[in-house]
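Undergrad: Handing you this structure, nothing more for now.
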Amino acid sequence: MEDLLIIGVLIVILIPAVKSTITHLKGEGSCCGGPKEKVPKKTLTGKPKKVYQVEIEGMHCNNCKNRIEKHLNEIEDVIAHVKLSRNSAKVEVYGDSSKEVIKETIEGLDFKVKSIL
């Protein structure tokens with residue numbers, strides 16, 4: 001009887017751990033195990049309408065930084081410059097993208113936005 005209880009507890013503990021490990025190894029995780037992101041150069045003409053300073057929680061490495069920068073730069077009217085050492089991003093908006101779009105983009109990658117100023 002005790003053996004079954006121990007096996008049951010191990011199964012409950014190991015299933016989430018195995019799922020998380022598989023996700024990480026497949027490169028689908030939000031951090032260092034993910035695919036090596038490359039940030040293409042992006043330029044927009046004119047002056048930005050708004051410039052935001054975004055504090056980000058959860059970046060651990062250059063891959064984290066690159067993921068955030070790449071995905072922010074995929075927004076049509078945005079150019080982002082992410083600083084891992086400061087856990088922040090300077091986001092230049094040349095059109096009508098809102099703070100909410102910026103926050104949703106970052107948090108959709110499993111990072112946390114602490115503030116947008």
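Undergrad: May I ask you to list the residues in the stretch 53-95 that are out of contact with any strand residue (DSSP E or B) (no Cβ under 9 Å at 6 or more places or on another chain), assigned to a loop (DSSP other than H, G, I, E, B) and within 16 Å of residue 111 (Cα to Cα)?
TA: 60, 61
Undergrad: Let me ask something else. Name every residue in the stretch 96-108 that is under 22 Å from residue 84 (Cα atoms) and outside any helix (DSSP H, G or I), in order of residue number.
TA: First, pick out the residues of the stretch 96-108 that are under 22 Å from residue 84 (Cα atoms): 99-108.
Answer for the stretch 96-108, where residues must be under 22 Å from residue 84 (Cα atoms) and outside any helix (DSSP H, G or I): just 108.
Undergrad: Oh, and also: Pairs needed: first member in the stretch 64-82, on the phi < 0 side of the Ramachandran plot and without any contact (Cβ under 8 Å) to a residue 24 or more places away in the chain; second member anywhere, buried (at least 19 other Cβ atoms within 10 Å of the Cβ) and small (Gly, Ala, Ser); C-beta distance under 7 Å; at least 6 residues apart or different chains.
TA: Short answer, once both residue conditions are applied: 80/89; 81/89.
Undergrad: Please pick out the residue among 113, 101, 54 that is touching a helix residue (DSSP H, G or I) at 6+ places or on another chain (Cβ under 6 Å) and either under 30 Å from residue 20 (Cα atoms) or not assigned by TED's automatic domain parsing to the domain that holds residue 21 (or both). So that I can check it myself, show each step before the final result.
TA: Details: 101 fails: touching a helix residue (DSSP H, G or I) at 6+ places or on another chain (Cβ under 6 Å); 54 fails: touching a helix residue (DSSP H, G or I) at 6+ places or on another chain (Cβ under 6 Å).
Of the residues listed, the single one that is touching a helix residue (DSSP H, G or I) at 6+ places or on another chain (Cβ under 6 Å) and either under 30 Å from residue 20 (Cα atoms) or not assigned by TED's automatic domain parsing to the domain that holds residue 21 (or both) is 113.
Undergrad: Testing residue 113 on (1) out of contact with any His (no Cβ under 7 Å at 6 or more places or on another chain); (2) more than 13 Å from residue 48 (Cβ to Cβ); (3) not in a strand (DSSP E or B), one condition comes back false. Which one is that?
TA: Only one criterion is unmet by residue 113, namely (3).
The values are calculated or read from the model by the stated rules, or taken from the named source; none is laboratory data. Predicted model, so just to flag it, every value in this text is computed and none were measured. Positions of Cβ are backbone-derived with ideal geometry, glycine not excepted, and every protein chain shown enters the neighbour counts.
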